[in-house]
Amino acid sequence: MKDRNIVGNNIRRLRLKAGLTQEDIALESGLSQGYVNQVESGKLRFTQKSLELIADALSVPLSELFRDENYPLLPKVDEQIERYKKRRPSKREFISLLKELPDHIVEHYLTLLKFEKELWIAKK
């Protein structure tokens, strides 16, 4: 499978759409222009924090950086909502599971929850 740079391509596309340079993004985000360039080109791995800074500099939700142009529409959650309503885990159960996981996995799920919240708010 061909290596794809979805995040970097989206940063470049959104930056150009906004009429911004890499230097503009760097100044606004507090990151270096070289870092922004390397993330765009896929030469450097990004961190959650750096993507949050870049998304803020672009004035877009973080989830926009992960949008795959080949799959622009997300599946509708409404179609599955009855299944989710049947058994909703308690917050206590959720927190106890999180306490048992390593920090890097908890961070991963926190990022996913933030995306879900953004999608839920956008849907309203």
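The residues on offer are Asn5, Asn9, and the sole one that is surrounded by 10 or more Cβ atoms within 10 Å (Cβ to Cβ), modelled with pLDDT under 90 and more than 20 Å from Ala122 (Cβ to Cβ) is Asn5. Of all residues in the stretch 15-62, those that are touching a residue at least 40 places away in the same chain (Cβ under 8 Å), assigned to a helix (DSSP H, G or I) and not hydrophobic (A, V, I, L, M, F, W, C) total 2.
The values are calculated or read from the model by the stated rules, or taken from the named source; none is laboratory data. Just so it is clear, the structure is predicted and the values come from calculations on it, not from any experiment. Glycine gets a Cβ as well: all are built from the backbone with ideal geometry, and neighbour counts include every protein chain shown.
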